[in-house]
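Single-structure report; data block below.
The values are calculated or read from the model by the stated rules, or taken from the named source; none is laboratory data. What you are looking at is a predicted structure, and each value in this text was computed from that prediction instead of being measured. Cβ sites come from the backbone with ideal geometry, for glycine too, and all protein chains shown count toward neighbours.
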Amino acid sequence: MSSAPVSRPLQRSAAKAAVGSVAASRIAREDPAAVRWLLTGLALLVVGVLVVVPVANVFWQAFRGGLGAYWRAIAGDPDTLAAIRLTLTVAPIAVAANTIFGLAAAWTIARFRFPGRAFLTSLIDLPFSVSPVVAGLSLVLLFGLQGYLGPWLRAHGWKIIFATPGIVIATAFVTFPFVARELIPTMEALGDEEEMAAVSLGASGWQTFRRVTLPNVKWGLLYGLILCNARAMGEFGAVYVVSGRITGQTDTIPLRVEKLFQEYKTPESFAVASLLTMLALVTLVLKVFFEERRRRELADAARMESAAEEGGRP
């Protein structure tokens, strides 16, 4: 069984977007050259001051002592290595959990109409509006020794707060919306025509998901994953509250950067911070790549549909 890479509703949306882009470009070219250059210069100035200069300063400070000092600051410090290992443990778990939830939530919201649907959508956006520090404090009040579940957890020998499970929960909470919010509009635009056709042809639920739904939403899913992973590795506020900041045990990379800076180990703190900066740059490159691939796929699908419609006309 095979399926088209993009459904017709999304193809029509891509065609409309392409027409709108052409019209916008034509209007932009009609503006005076001085206005275009002024706005472009202001945009570059703001980006340079707020983004380029800080990023360049991070790498300059990190490598100021040479590659040897940079390597010793990262690989020669066991506490820093422990923070890196913990981050590389927590982030994949949180991303995997949010991927499963995001797919389930997007499928439910896009395919069904039920009481409380708008409320569920609002709950998904909740981590965007709640301070991470407040979220971490809520977890402490819930799972801490003096919290609602603290005595029961202690009686059964489970430790959540000031341990890896608490860091995973806090990270999963702050990255909760990313995958779901990327998939919900994509699935709503796709519609369920192809899935219904697959089911009518005898495909099972898993076959329909694997061979129809997943290929259609793959770019939105990958886009959500890279954003979720970047936020998971860089989360500070919620993890700061629930981790206890135990050196060598519950420090993540952002917490380690802050601790090194407070200890006046500036070169070491910038060296560790450069790891997160590199992650941000890789995330940006992947974001642009996936957006371009998605745009080309939609444009190709729109052209194929347009050609098919013109060929079918008398």
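A few notes on this one:
- Count - residues of the stretch 137-149 that are in a loop (DSSP other than H, G, I, E, B) and aliphatic (A, V, I, L, M): 2
- Positions within the stretch 69-83 being out of contact with any helix residue (DSSP H, G or I) (no Cβ under 8 Å at 6 or more places or on another chain) and at pLDDT 90 or above, in sequence order: 71, 72, 78, 82
- Per-region count, the stretch 88-136, residues part of a helix (DSSP H, G or I), over 25 Å from residue 213 (Cβ atoms) and in contact with a Ser or Thr (Cβ under 9 Å, 6 or more places away or on another chain): 5
- Close Cβ contacts (under 6 Å, 6 or more residues apart or on different chains) running from residues in the stretch 228-247 that are under 15 Å from residue 286 (Cβ atoms) to residues that are aromatic (Phe, Trp, Tyr) and surrounded by 21 or more Cβ atoms within 10 Å (Cβ to Cβ) comprise 228/178.
- Filter result for residue 290 (surrounded by 15 or more Cβ atoms within 10 Å (Cβ to Cβ), in contact with a Leu (Cβ under 8 Å, 6 or more places away or on another chain) and either closer than 24 Å to residue 167 by Cα or aromatic (Phe, Trp, Tyr) (or both)): yes
- Note on the stretch 193-235: residues that are buried (at least 16 other Cβ atoms within 10 Å of the Cβ) and not in a helix (DSSP H, G or I) amount to 2.
- Subset of the stretch 227-269 [within 28 Å of residue 138 (Cβ to Cβ) and among the small types (Gly, Ala, Ser)]: 230, 232, 234, 237, 238, 243, 244, 248
- Residue list for the stretch 230-274, restricted to those being aromatic (Phe, Trp, Tyr) and over 30 Å from residue 99 (Cβ atoms): 261, 264, 270
- Candidates 263, 258, 195, 235, filtered to the one that is within 22 Å of the chain's Cα centre (by Cα) and of a type in the set (D, E, K, R): 235
- Qualifying residue in the stretch 76-85 (condition: surrounded by 17 or more Cβ atoms within 10 Å (Cβ to Cβ) and among the charged types (D, E, K, R)): yes
- Taking the listed residues 201, 142, the one that is in the same structural domain as residue 216 (by TED's automatic domain parsing), without any contact (Cβ under 8 Å) to a residue 12 or more places away in the chain and either at negative phi or in contact with a Phe, Trp or Tyr (Cβ under 6 Å, 6 or more places away or on another chain) (or both) is 142, with no other qualifying.
- Residue 272 vs. criteria within 30 Å of residue 139 (Cβ to Cβ) and among the aliphatic types (A, V, I, L, M): yes
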